[in-house]
Amino acid sequence: MALVYPIACLIYTRLKRTWLFQGSLVAQAVRWIFKILFYSQLLLISVLVILVTRYDRTSDSSTTHHFHPDKWYPPLLASTLCAGILGFTWHCIISCYPKKALIAAFWLSPLLTLVMGFMFMSIGTPWSLIPGLGSFSFALFQSIYGCRVNRSNMIKYTAKMFQDLIRFLPAKTKCLAFLSITVGTLYCCFLVYGIGGARRDIGNRTIHAYIYILLIILSLGWTMQVMKNAMQVTISWVQYTGFTNHIGTNIRAAFRDTIKHLIGSVSLGSILVPVIELFRDFARLLNLYICKDDCSCAMELAAHLTTWGNIWGFVQVGAYRKGFVQASSDTWEMFMNRVGLLELIDLDITGTFCFLSGVAVGAICCLVCGIWSLIVYKDYTMELSIYAFIIGYFICRLAIAWPQASVSAYYVAYAQNPENFPCRFTIEERLNQLRIASQSPSTPEREAIQEEFRRIIRNQPDEDNRIGH
């Protein structure tokens, strides 16, 4: 592990001088490659779904007696439609009642995950114990984290920030969200038919069926991520322009330009951000619970990887049409140049709120599909419930792309010019609270903030060791 960090630092310094960070022809070629890759996988998956579905309909019924389409498709299609309705409803609730939505997400997500675990356990098969026990563990983890967030008073600050952002929310955001949810729901229904067509061969133990289903699920994940991040680029671009230049931008024109010119950077970011965030969370867990603060190399490596790809970089992708890696690096550099801002961003719970909202909607869809399947045909319950959870999660994340997009524009605009930022007092008040909490006598709330604040400072690389600065 000791060799990993120096090697990563060397690679970082090399890459910082080359095509990943420079607006060169090679960087443009990379964006074009990912644009072609994204549209190619859409075309190939569509062809695959059509072929397996058509083959399923024309195949001999004597070889497909094990598969019952009338019992397999309706629960999953109904849960997919339910995900679209719940996603748009949750979008509207957040816009109207941000504080209540924040509190509800931190309460409902662990509760629904727990109920989902009981549903899996009720199936009564050895394989169903795995998602059942996993749901129980995940519900417990969410509950512990929710208590910690509640103690540190983060919900109050985030709700106040959301109220500031709602005043600057672009016009016709709901229309764009509704359009995206509709397209995403129809696309998921289309892939459901492909999974069902491939599912026909599983009873015959053909390896092709498992490969087809895996490819369809991977395509679903990447495509929904790209759709969500395209929404994020569009909304953050419009809000960032309003914060910095105090002018309005047509959201339809911004979305059209994003799809036409920026889909390559969005596709690349849709792969890098989840991978880097996963490694960063793993490093934090390793540092907090296993190594007991002795895994500084993993944390420093995660901190440097974050400069290559972070959710905040999507703002400059839209506003300045930069490549994703360059935009992420420039944005992170701005954050590091503002005292205390990097620590405040690391404490932000907007991403957690969006994640828990997706989990809650996914759990509801899982319960709708699972209970239906338990009543109709028990053998399909576990697989249909898992598919329903995945689809519900991604559709909800697509529906509520605006909070994370708005918060990204909020912080990037402040980092660029704090004096000209219309909502700067909310951020400055929170920065003062964190400074006071890190130096004040012990109280339950202050202990939680103090612990989190000191942990972040300890895990950030020293100023002299920051690469490229």
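Miscellaneous remarks
- With a Förster radius of 25 Å applied to the C-beta separation of residue 47 and residue 81, the computed FRET efficiency comes to 0.50.
- Order by protection proxy (mean Cβ within 10 Å, highest first), peptides 246-252, 90-96: 90-96, 246-252
- Residues 68, 208, ordered by accessible area of protein heavy atoms at a 1.4 angstrom probe radius and largest first, appear as 208, 68.
- Anisotropy class of the stretch 210-257 from Cα gyration tensor, a/c 1.5 cut: prolate
- Computed extension gain for residue 183 through residue 286, at 0.36 nm per residue and net of the alpha carbon distance, reaches 33.2 nm.
- Full extension of the chain segment joining residue 166 with residue 145 gains 4.9 nm, where the gain is 0.36 nm per residue of separation less the Cα-Cα distance.
- Summary of packing: across the peptides 327-337, 392-402, the per-residue average of other C-beta atoms within 10 Å ranks them, highest first, as 392-402, 327-337.
- Euclidean distance between Cα centres, the stretch 252-279 to the stretch 34-51, Å: 17 Å
- For the stretch 175-290, the carbon plus sulfur part of the accessible surface works out to 71%, probe radius 1.4 Å.
- Label-point separation, residue 377 to residue 431 (7 Å along Cα→Cβ), nm: 6.0 nm
- Once all protein chains are placed together, residue 99 keeps about 100 Å² accessible to a 1.4 angstrom probe.
- With a threshold of 23 Å on the Cα-Cα distance, the over-threshold entries among 35/172; 100/160; 100/174; 174/322; 71/228 are 35/172; 174/322; 71/228.
- Euclidean distance of C-alpha centroids, the stretch 149-197 and the stretch 364-379, integer Å: 26 Å
- Note that the stretch 92-181 shows a convex hull volume over its alpha carbon atoms of 104 Å³ per residue.
- Probe 1.4 Å - accessible area at residue 345, Å² to nearest ten: 10 Å²
The values are calculated or read from the model by the stated rules, or taken from the named source; none is laboratory data. Owing to the predicted nature of the structure, the values given are computational and were not obtained by experimental measurement. Every residue, glycine as well, gets a Cβ built from its backbone with ideal geometry; the counts of neighbours run over all protein chains shown. Protein only, heavy atoms only, side chains kept; ligands, DNA and RNA dropped before computing areas. Shrake-Rupley method; radii C 1.70, N 1.55, O 1.52, S 1.80 Å.
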